[in-house]
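Scroll down for the structure; my scribbles are underneath it.
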Amino acid sequence: MATFSGGCRQTLQLHQAPALAGVPPAEPTHSAAAVRLDARARWLHLALLLLTRPLAAAARTFIDRCGWKEFGYARLSDHARER
């Protein structure tokens, strides 16, 4: 595999070895642990997608209502610094 940089992006070019030309690639093997880890990663990503909007809405409400004052802070930066 050869790489070269072109501007801000790095481009990958795949080259087949001459001895393997025409030979089909081997079937990938998946261990049970890898499948479980993949399922966990997908579950975490879904949780992130489901929580992003409600958390953003809560943060917007906190800012709009100056919620840091209810916790005894005079400024938002005082509240954010200690978190």
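Might you check whether a residue that is out of contact with any Gly (no Cβ under 9 Å at 6 or more places or on another chain), at pLDDT below 85, exposed (fewer than 10 other Cβ atoms within 10 Å of the Cβ) and part of a helix (DSSP H, G or I) occurs anywhere in the stretch 1-13?
Narrowing the stretch 1-13 to residues out of contact with any Gly (no Cβ under 9 Å at 6 or more places or on another chain): 1-13.
The next check asks that each one be at pLDDT below 85; those that pass are 1-13.
Applying the additional criterion that residues be exposed (fewer than 10 other Cβ atoms within 10 Å of the Cβ) yields 1-10, 12-13.
Narrowing further to those that are part of a helix (DSSP H, G or I): none.
Checked against the condition, which is being out of contact with any Gly (no Cβ under 9 Å at 6 or more places or on another chain), at pLDDT below 85, exposed (fewer than 10 other Cβ atoms within 10 Å of the Cβ) and part of a helix (DSSP H, G or I), the stretch 1-13 yields no hits at all.
Output the residue which, of all residues in the stretch 28-68 that are among the β-branched types (Val, Ile, Thr) and out of contact with any Gly (no Cβ under 8 Å at 6 or more places or on another chain), is surrounded by the fewest Cβ atoms within 10 Å (Cβ to Cβ). This residue is THR29.
The values are calculated or read from the model by the stated rules, or taken from the named source; none is laboratory data. These numbers come from a predicted model, not from an experiment. Every residue, glycine as well, gets a Cβ built from its backbone with ideal geometry; the counts of neighbours run over all protein chains shown.
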